[in-house]
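Heads up: the structure comes next, in structure tokens.
The values are calculated or read from the model by the stated rules, or taken from the named source; none is laboratory data. This one's a predicted model, so the numbers in the text were calculated from it and none came from an experiment. Cβ atoms come from the backbone with ideal geometry, glycine included; neighbour counts cover every protein chain shown. Heavy atoms of the whole protein, side chains included, go into the accessibility calculation; ligands, DNA and RNA do not. Shrake-Rupley method; radii C 1.70, N 1.55, O 1.52, S 1.80 Å.
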Amino acid sequence: MRFLLLVAAFVIAPCQGAVILLYHHVATDTPASTTTSPRDFLAHMQYLKDGGFQVVPMSDVVAEAKGEKTLADKSVAITFDDGYQDIADNAAPILAKFGYPYTVFINPDRTAYPDMMSQATLKGLKGAAIGNHTAGHAHLTTLPLPLARQAILDGQLPGEPKWLAWPYGEYSPALEKIAADLGYVGFGQQSGPSGPYSSLTALPRFPAAGPYANLDTLKTKLLSLHMPLESSDTSMMVNDDKSPPLTLTLKGSDPMASRFACYFLGQRVKLSILGTTIKVPAIALPPGRSRLNCTAPSKTKEGRYYWWSQAWLSGRGLD
């Protein structure tokens, strides 16, 4: 009965959710696609403070995704993948200035590399939780499942929470099952706020590096809302040159279903909308990673949009 009441509450009341930001490097001399300059990073953090956002620890985000608590509106979590030394040098002092908690997902067998934080540096980070980014940072979908499972196990530091950031944001149903069986909450790289309607093995995160570091466009994402939506197929893996058709069902009353829109590679996708049911046709996919981004305006929060993303990984060209 308690479970049914909890589900009913999510259907009737809007889910606040949380925006999870994803960073890699905070520097000026690292690869552009994964880099946020210290100047831009400071601007991001200052905007969070000035805009009345609540920067929360990942434990709170996970608790809401599990249905154990409800976060305040405009909640944000900050994450870094890989554990580069420039995070300690350039990002950590800025985060300490604002008193913001954050999470670093690391590859334990890479911490001896010159550009990675040492174990001593990791232990000295203030306000940081340490998550698992697997040992070796391999494309797990290309590995035999026993090796992928071992990479997950070898990436776990003793005493740290069982939070797993998928390398390259890539996962499969079989990998998600392994993660769930091992007790992990997983994190992807598809866009959208996290919340009770997200998969616990692939919570979404907004990249905030490279072209996505632009604060003008990041503001819209920071103000986005968790989409109360169920999908007929959330698998990332596609063995064809087309995505599977999707049936999406909106569960909340606040998103404007009639203005639900999806975009793929910058082009708007033609949808079939009947009430709160949205049908997305099959889409021709390029080799590798791609994603469908969908939004719907809020009826009650002026100028704000619900956001949901479906990531796909086409098997063509990955062998």
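Below, the figures for the structure above:
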read-out: Efficiency of FRET between Tyr113 and Ala43 - r from beta-carbon atoms, R0 30 angstrom, step 0.05; value: 0.55
read-out: Computed over the range 128-228, Cα set: Rg, Dmax in Å; value: 14.5, 44
read-out: Most mobile of Leu225, Leu140, Leu153 in a GNM of the chain (Cα contacts under 10 Å); value: Leu153
read-out: Gyration tensor (Cα) of the range 54-135, equivalent ellipsoid semi-axes in angstrom; value: 25, 15, 8
read-out: Fluctuation leader among Ala92, Ala18, Ala77 - the chain, Gaussian network, Cα springs under 10 angstrom; value: Ala92
read-out: Extension gain, Ser272 back to Ser258 (0.36 nm per residue minus Cα-Cα distance, nm); value: 4.0 nm
read-out: Solvent-accessible surface (1.4 angstrom probe) belonging to Thr277, in square angstrom, nearest 10; value: 50 Å²
read-out: For the chain, calculated [θ]222 nm from helices alone, where every DSSP H run of n ≥ 4 adds -39500 (n - 2.57); value: -6500 deg cm²/dmol
read-out: Cα convex hull volume per residue for the chain (Å³); value: 136 Å³
read-out: Viscosity 1.306 mPa s, 10 °C: Kirkwood-radius Stokes-Einstein D of the range 199-319 over Cα pairs, µm²/s; value: 104 µm²/s
read-out: Given Lys270/Lys299; Lys74/Lys221; Lys49/Lys301; Lys49/Lys162; Lys221/Lys270, the pairs whose alpha carbons are separated by over 18 Å; value: Lys270/Lys299; Lys49/Lys301; Lys49/Lys162; Lys221/Lys270
read-out: List Asp154, Asp50, ordered by accessible area with a 1.4 Å probe, largest first; value: Asp50, Asp154
read-out: Convex hull per residue volume in Å³, alpha carbons only, for the range 24-91; value: 98 Å³
read-out: Compactness of the range 255-319 - radius of gyration and Dmax, Cα, Å; value: 13.8, 47
read-out: Rounded to 5, the percent of DSSP beta bridges in the chain classed as antiparallel; value: 50 percent
read-out: Residues with amide H under 5 Å from that of Leu246, placed H, sequence gap 5 or more; value: Val280
read-out: Average Cα contact separation per residue, the chain, under 8 Å, 6 or more apart, as relative contact order %; value: 17 percent
